[in-house]
Each structure stands twice: as structure tokens, then as C-alpha cells.
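Have a look at the structure below before the remarks.
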Amino acid sequence: QLQLVESGGGLVQPGGSLRLSCAASGFTLDHYVIGWFRQAPGKEREGVACISSSSASTNYADSVKGRFTISRDNTKNTVYLQMNSLKPEDTANYYCAAKNIVAAMCVMVQKTYDYWGQGTQVTVSS
């Protein structure tokens, strides 16, 4: 069965950093576009970042651009989200998702993603 498992969330002070991991099992990530999404209490789920199957292209939400970096390590079958300069408004449950397409570009349209992890909580607070 195809699975995605997020890890790395936790409690961090404003200005701090976290690195989230998304580990895949049952399939290899090299043929998939991967996205990170988040949902805060009382808000709709929104796209954060995505990376193409070839790692040639990435996209970021304006709210995180310059602070977050998405990357992948195909040898570990894992995608990462490095989050720096964290703000309280970054507090959310973070999900990784995959879609089965080989593409040089990616878009953060939720309904186009086929597989989803269960999420990992990120809380930014002093």
C-alpha cells in the first residue's frame, strides 16, 4: 500500500527553524510531484510548497517564500521542508502529498494530488 509519513513537527519559538520530512513507502518518489500543504485552526488547507519529479522546479506560497525550502533525497525516498524564521502564523498541521506524474513543473492544487500523509503539527509560540 502506498503511504506517506510526515515527521519533524513540534513546538518552536518565533524565529526558530524546523525541518519536516515526508517518507514514502510502497512507491518511489522519483516519478511523483510532491507538495506540502498546511491547515491552521479555523482556516482552509493551503498549499505551501511543491517540487517537480525531476527536482528541476519548485513553487512556494508568497507567505513562505524566502523562508521555506523544499527538497528531495531520492536515495532515501524522502522529501523535506526546511522552515526558517518561523512565525506564529505558520502554526498549522502540515501534510505532504504526492501525484503520479513525471513533470518538470509543479502546482499546488490539492485535488490533483493522489496520496496524502496524516500530517505533523507545527506550533510556533513563545
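By accessible area, using a 1.4 Å probe on protein heavy atoms only, the chain has 47% of its surface on carbon and sulfur. Among Gly26, Gly47, Gly35, the largest mean-square fluctuation in a Gaussian network model of the chain (Cα springs under 10 Å) belongs to Gly26. In summary, the lysines within cross-link reach of Lys87, defined as a Cα separation below 25 angstrom excluding same-chain residues under 8 places away, comprise Lys43, Lys65. For the pair Trp116 and Glu89, a Förster radius of 30 Å applied to the C-beta separation gives a FRET efficiency near 0.85, rounded to the nearest 0.05. Label-to-label distance for Gln3 and Ser57 is 3.2 nm, based on points extended 7 Å past Cα in the beta-carbon direction. Springs between Cα atoms under 10 Å define the GNM used for the chain, and in it the highest mean-square fluctuation of Ala24, Ala49, Ala97 occurs at Ala24.
When you filter the GluC sites (Glu not before Pro) in the range 41-126 for DSSP loop state and at most 13 other Cβ atoms inside 10 Å of their Cβ, you are left with Glu44. In plain terms, the chain from Ala23 to Thr123 could stretch by 33.9 nm, reckoned as 0.36 nm per residue minus the Cα-Cα distance.
Between the beta carbons of Glu46 and Leu11, assuming R0 = 30 Å, the FRET efficiency works out to 0.90 to the nearest 0.05. Computed with a 1.4 Å probe over protein heavy atoms only, the accessible surface of the chain comes to 51 Å² per residue.
Taking all protein chains as shown and a probe of 1.4 angstrom, Lys76 keeps an accessible surface of around 130 Å².
The values are calculated or read from the model by the stated rules, or taken from the named source; none is laboratory data. Not measured: the values here are computed from a predicted model. When we count neighbours, we look across all protein chains shown, and the Cβ atoms used for this are built from the backbone with ideal geometry, even at glycine. Please note that ligands, DNA and RNA were not included when accessible areas were found on the heavy atoms of the full protein model with its side chains. Shrake-Rupley method; radii C 1.70, N 1.55, O 1.52, S 1.80 Å.
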